[in-house]
Structure formats: structure tokens, C-alpha cells
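Peer 1: What follows is a structure written as C-alpha cells; I'll ask about it next.
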Amino acid sequence: MKTHIDSLLTTSQAAERLGLSVHTLRQWVSKRRIKYIKLGRAVRFSPVHLKEYLVAHTRPAEHDGQTGG
């Protein structure tokens, strides 16, 4: 998988896309719950990895919301 360095996101940008606080995302990084890229001391996120995370953690609805009749 190719990662274009120009498309990498900062922690703030990634947290905003995921609807998380920066603090929560940093905790996930420290617990290795989400993929990230280290560039020296900087942490960056690939938009592709964020999408993969969301897809992997999407749960189907138990029903379609329609009543039975």
C-alpha cells in the first residue's frame, strides 16, 4: 500500500475526522488500537488507515427499524 506523505494527517486532523478528542486518539495510539505512522517524533495518520479502521469497527444494525406489521 502506497502512502503519499502529502495526504498524511496530524493527530488533530485525524481526531476531527473520526469525531474523537485528540486525547482519546493519543490514548489509542499508545495502546496501539489504531494504525499510525511515526516520522521521527511526529505521529501521522493515513486517511486509508482511518477508513479501514471505521470499516473494521462498523457493526450492522440488529433490525432495519421497521415494525413487523
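The values are calculated or read from the model by the stated rules, or taken from the named source; none is laboratory data. For clarity, every value in this text was computed on a predicted model and none was experimentally measured. Positions of Cβ are generated from backbone atoms using ideal geometry, with glycine treated the same way; all protein chains shown enter the neighbour counts. These area figures cover heavy atoms from the full protein model, side chains too; ligands, DNA and RNA do not enter into them. Shrake-Rupley method; radii C 1.70, N 1.55, O 1.52, S 1.80 Å.
Peer 1: Please state which one of 44, 32 is touching a strand residue (DSSP E or B) at 6+ places or on another chain (Cβ under 9 Å) and of a type in the set (D, E, K, R).
Peer 2: 44
Peer 1: Applying the selection to the stretch 10-36, what residues are open to solvent by less than 70 Å² (accessible area, probe 1.4 Å), in contact (Cβ under 8 Å) with a residue 12 or more places away in the chain and either among the small types (Gly, Ala, Ser) or within 20 Å of residue 57 (Cα to Cα) (or both)?
Peer 2: Answer for the stretch 10-36, where residues must be open to solvent by less than 70 Å² (accessible area, probe 1.4 Å), in contact (Cβ under 8 Å) with a residue 12 or more places away in the chain and either among the small types (Gly, Ala, Ser) or within 20 Å of residue 57 (Cα to Cα) (or both): 11, 14, 18, 25, 29, 34, 36.
Peer 1: Determine, yes or no, whether residue 67 is β-branched (Val, Ile, Thr) and modelled with pLDDT under 95.
Peer 2: When the stated conditions are applied, residue 67 passes them.
Peer 1: Residue under question is residue 10, and the condition is that it be modelled with pLDDT of 95 or more and in contact with a strand residue (DSSP E or B) (Cβ under 7 Å, 6 or more places away or on another chain); does it hold?
Peer 2: On the way: modelled with pLDDT of 95 or more: yes; in contact with a strand residue (DSSP E or B) (Cβ under 7 Å, 6 or more places away or on another chain): yes.
Taking the combined requirement at face value, the residue satisfies it.
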